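Derivation of every value follows stated rules applied to the coordinates shown; laboratory data play no part. Model, not experiment: these values are computed from the prediction. Note: ideal-geometry Cβ built from the backbone for every residue, glycine included; neighbour counts use all protein chains shown.
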Amino acid sequence: MASGKADVSIKVIDGAGETVLDKAVEVAKGRYVISVMRELTEIETTEYSGMGEFITSIAGISSGETSYWGFYINGEYATVGAGFFLIGEDVEITWKLEEM
């Protein structure tokens, strides 16, 4: 596991394009993004077999039947879920409430 610290920027953008959370924290390398999110704000998740936890609500804002929380790493759409992404270096995380 990586040792040391990483600077993590986390931004949450609601469906209207408004920033509802914008924080920068220093965390130990080797932590999962989902655990950092739990420390910074209230989240709700749903577990999907074989796919892990998906965030369904951030800071009291829930995704609905036709929306979801998009997860971006350094501006690129994530290819893994927040429960599988290990922080290994400085990173910018963005969550956007998006329509399906």
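Here are a few things to note about the model shown:
- 3J(HN,Hα) couplings calculated from phi for region 70-75 with the Karplus curve 6.51 cos²θ - 1.76 cosθ + 1.60 (θ = phi - 60°) are, in sequence order, x, 10, 10, 10, 6, x Hz; Gly and Pro show x.
- Taken about its Cα centre, the chain carries a charge dipole of roughly 340 debye when the Cβ of each Lys and Arg holds +1 and the Cβ of each Asp and Glu holds -1.
- Cβ crowding within 10 Å, taken as a proxy for footprinting-reagent exposure, orders VAL8, VAL25 from fewest neighbours to most as VAL25, VAL8.
- For the chain, the residue among VAL8, TRP69, VAL20 whose Cα projects farthest onto the positive side of the dipole built from Cβ charges is VAL8.
- Label assignment, Cα extents along the principal axes in Å derived from the structure, set (i) 49, 28, 21; (ii) 33, 31, 19; (iii) 40, 32, 24: (iii)
- Interchain or long-range residues, amide H under 5 Å from ARG31's placed H: ILE87
- MRE, 222 nm, helices only [DSSP H, n ≥ 4, -39500 (n - 2.57), over the chain, to nearest 500]: -2000 deg cm²/dmol
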